[in-house]
Amino acid sequence: MGDVGKREDQSQASFDGESAAVLTRELRESFNLGKTRSFQWRSNQLKGLLRMMEEKEADIMGALYSDLAKPQLESYLHEISMAKESVTFAMKNLKSWMKPKKVGSQAATFPSSANIVPEPFGVVLIISAWNYPFLLSIDPVIGAIAAGNAVVLKPSEIAPATSSLFARLLPEYVDDLCIKVVEGAVVETTALLEQKWDKIFYTGNGRVGRIVMAAAAKHLTPVILELGGKSPVVVDSNVDLKVATKRIAVGKWGCSSGQACIAPDYIITTKSLAPKLLDSMKITLERFYGKEPLESSDLARIVNSNHFARLSKLLDDDLVSGKIVYGGKRDEKRLRIAPTLLLDVPEDSLIMKDEIFGPLLPIITVDKIEDSIGVINSRTKPLAAYLFTKDKKLEKMFVENVSAGGMSINETVLHLANKNLPFGGVGESGIGAYHGQFSFDAFSHKKAVLSRNFYGEVSARYPPYTARKQRI
Ligand code: NAD
């Protein structure tokens, strides 16, 4: 198994506060020379990233396999292909995104013109997470470059193969005076966070999100926090169960074995539908992963032994004993956990407390499907919420009354793939959003510019404020 479970302690001991200070100083000097601002520079870097993905696809797939044993198709569809689409979309739209946007004027500013002019923040830090270690790193980098910033990427040490691949490849394909990779864990990230950045983009859990935000506050640096949460799936009784369960299963186990920020975390359904839903889920899971899912090559493994232990604890909780209705098998040596369904777990069980982030899916039941809205709203706001129903009234009620980062109706996770939709959390699931033009906007300051000529004088605005002027 070689690398399995290899992880977070591998820091670049040599990268300390002083190295971080030198790095940011050099980047600031490069940024101040102005070259990252030009269309040509931005476009060349984006082309470089695309070329990297085309020429090094096998290396990227290999790194993802080493880090998570991700099935090849998942690695390609969910990481490489999405990243290619992202960079192609940015290249196609860059000119128009960079253009000042003319806006209207009111009587008070007449005659004048007004424009919103996007400008890069400057030197930005991107800290990414391990579960989609390629996409979650490169996608914000694409936005930061498109917006004309100098960038430091700090990939996750928990996906060491992908992290070192970035460190090796990025300097080959992009301008390494303005785009840098720093590898490392807590020590290195802390050193980076002590510096003054013009924007920090962080993907990961809320505990570290708070550390990032506190560090940013010292320099009044704006942050984007892409966090997680418990994303619910509500299943109404009128749905096509076969289709619904396939879509739930692929959004859960087909996304890095549930180690995805918007993977369904728990299902809410009615007491009467639960047995049928459960049967349908079991049939679907057996079709997807066979009778021995621990042997399936279509399921990613758990990333490391710490996360394996964390997930095992959720299953070993006394409060859920007897609640496992499907799966439950584990193989600690190979870091594999079979798709597992639990029915009617108590609200105060560990599995219902924090985000699961793994292949376990509890189902809780309510008397009426409308009650699900109250259940969701009694918790912190999730990154995603899903509803399966044919009832348009329920759909409207759900969209209007459930607060979540994003939603898919009669689907799971797919809202993330539409570049015209912002991707981000709300409340505890995050601050800010990205994807498509939202990525460009996330890394751009929108400067308000009003411009006049020397005509159109209105004497009333100038002192002295005579009695006659005051009557106006
Ligand atoms: P992680 O352990 O890879 O940590 C994320 C980053 O934080 C890493 O780069 C790590 O080096 C850094 N870090 C860790 N501890 C730190 C500390 N004390 N100080 C400074 N930096 C530190 O990833 P994770 O947190 O396990 O990621 C899983 C979480 O991220 C889940 O909650 C998931 O929902 C969320 N997530 C969100 C998105 C999104 O797009 N919203 C995407 C993926 C994951």
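Read the figures in this text as sums done on the coordinates, not as results from a lab. The structure displayed is predicted, hence computed values, not measured ones. Don't worry about glycine lacking a Cβ; one is built from the backbone with ideal geometry, like all the others, and counts go over all protein chains shown.
Place a point 7 Å from Cα of N453 in the direction of its Cβ. Which residues in region 100-114 have their backbone N less than 14 Å from it?
111-113
Compute the Cα gyration tensor for region 108-246, then decide on rounded, prolate or oblate, letting a ≥ b ≥ c be the square roots of its eigenvalues: rounded whenever a/c is under 1.5, prolate when a/b is larger than b/c in the other cases, and oblate in all that remain.
Working: a/c = 1.75, a/b = 1.18, b/c = 1.48.
Oblate, because a/c is 1.5 or more while a/b does not exceed b/c.
Over the Cα atoms of the chain, what radius of gyration and what Dmax do you get, in Å?
Just the Cα atoms of the chain yield Rg and Dmax of 25.0, 90 Å.
Could you sort 420-430, 266-276, 133-143 so that the peptide with the highest average Cβ count within 10 Å comes first and the rest follow in order? The partial results should precede the final answer.
Details: 420-430: 19.9, 266-276: 18.2, 133-143: 26.7.
Highest to lowest by the protection proxy: 133-143, 420-430, 266-276.
Return the ratio Rg/(2.2 N^0.38 Å) for region 298-357, where Rg is computed over Cα atoms only. Don't jump to the answer; show the numbers that get you there.
Numbers: Rg = 11.3 Å, N = 60, 2.2 N^0.38 = 10.4 Å.
Taking the Cα Rg and dividing by 2.2 N^0.38 Å, one obtains 1.09.
Normalised by the empirical 2.2 N^0.38 Å for globular proteins, what value does the Cα Rg of region 241-353 take?
Working: Rg = 13.5 Å, N = 113, 2.2 N^0.38 = 13.3 Å.
Compactness ratio reported: 1.02.
In deg cm²/dmol, rounded to 500, what helix-only [θ] at 222 nm does the chain give when every DSSP H run of at least 4 residues adds -39500 (n - 2.57) and the total is split over its residues?
Values: 15 runs with 177 residues, N = 472.
Per the formula, -11500 deg cm²/dmol.
Where a Cα-Cα gap under 16 Å defines reach, which lysines qualify for K230, not counting those fewer than 8 residues away within the same chain?
K252, K353, K381
How far apart, in nanometres, would the label points at E54 and K329 be if each is projected 7 angstrom from Cα along the Cα-to-Cβ direction?
For E54 paired with K329, the spin-label model returns 4.4 nm.
If I histogram all Cα-Cα distances within region 181-307 using bins 10 Å wide from 0, what percent of pairs lands in each bin?
11, 30, 24, 19, 14, 3
What does the convex hull of the Cα atoms of region 358-419 come to per residue, in Å³, rounded to a whole number?
Details: hull volume 6.9 nm³, N = 62.
Dividing the Cα hull volume of region 358-419 by its residues yields 112 Å³.
Could you work out the equivalent-ellipsoid semi-axes for region 400-441, taking the square root of 5 times each eigenvalue of the Cα gyration tensor, largest first, in whole Å?
Details: eigenvalues 59, 43, 11 Å².
Its equivalent ellipsoid spans semi-axes of 17, 15, 7 Å.
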